[in-house]
Amino acid sequence: QEYQQSAFRFAVARIRDGFEESTWQAFWQTTVEGKTTRQVAQSLEMSEGAVYIARSRVISRLKLEIRALEE
């Protein structure tokens, strides 16, 4: 578990600057902070669908980055 957390933190640091702030916040708030999609959509003035898409984009990029670390 410690390795996974370390890999996550490293991958996050590497990809963070590749996303617009609203995209990153949609991911971070729903995935890390545990807020609902509705809460995040309201706070970021986005549709719930846009929050889902933003989160998906970041998660996909994170998965690629973590896979690259493991190779």
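The values are calculated or read from the model by the stated rules, or taken from the named source; none is laboratory data. This one's a predicted model, so the numbers in the text were calculated from it and none came from an experiment. Using ideal geometry, Cβ is built from the backbone for each residue, glycine included, and neighbour counts are taken over all protein chains shown. When the accessible area is computed, the model is the full protein with side chains, heavy atoms only, and any ligands, DNA or RNA have been set aside. Shrake-Rupley method; radii C 1.70, N 1.55, O 1.52, S 1.80 Å.
For Arg14, the criteria (1) under 13 Å from the mean Cα position of the chain (by Cα); (2) free of Cβ contacts under 8 Å to residues at least 40 places away in the same chain; (3) open to solvent by 80 Å² or more (accessible area, probe 1.4 Å) hold in every case but one, which is (2).
Condition first: among the β-branched types (Val, Ile, Thr), at negative phi and over 12 Å from the mean Cα position of the chain (by Cα). Can you find one or more residues in segment 39-47 that meet it? Outline the logic, then answer.
First pass over segment 39-47, keeping only residues among the β-branched types (Val, Ile, Thr): 40.
Filter once more, keeping what is at negative phi: 40.
Checking which are over 12 Å from the mean Cα position of the chain (by Cα) leaves us with 40.
Among the residues of segment 39-47, at least one is among the β-branched types (Val, Ile, Thr), at negative phi and over 12 Å from the mean Cα position of the chain (by Cα), which makes the answer yes.
Of all residues in segment 42-51, those satisfying the criterion of being in a helix (DSSP H, G or I) and either touching a Cys at 6+ places or on another chain (Cβ under 8 Å) or touching a residue at least 12 places away in the same chain (Cβ under 8 Å) (or both) are Ser43, Leu44, Ala50, Val51. Checking Glu70 against (1) buried (at least 17 other Cβ atoms within 10 Å of the Cβ); (2) in contact (Cβ under 8 Å) with a residue 60 or more places away in the chain; (3) of a type outside the set (A, V, I, L, M), which single condition isn't satisfied? Result: Glu70 passes all but (1).
Here is a yes/no grid of residues against (1) modelled with pLDDT of 95 or more; (2) in contact with an Asp or Glu (Cβ under 6 Å, 6 or more places away or on another chain); (3) exposed (fewer than 13 other Cβ atoms within 10 Å of the Cβ); (4) of a type in the set (Phe, Trp, Tyr):
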| position | (1), (2), (3), (4) |
| --- | --- |
| Tyr3 | no, no, yes, yes |
| Phe8 | no, no, no, yes |
| Trp28 | yes, no, no, yes |
| Thr36 | yes, no, yes, no |
| Gln39 | yes, no, no, no |
| Arg57 | yes, no, no, no |
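Against the condition part of a helix (DSSP H, G or I), open to solvent by less than 70 Å² (accessible area, probe 1.4 Å), modelled with pLDDT of 95 or more and among the basic types (Lys, Arg), how does Arg61 come out, does it pass?
Numbers: part of a helix (DSSP H, G or I): yes; open to solvent by less than 70 Å² (accessible area, probe 1.4 Å): no; modelled with pLDDT of 95 or more: yes; among the basic types (Lys, Arg): yes.
Taking the combined requirement at face value, the residue does not satisfy it.
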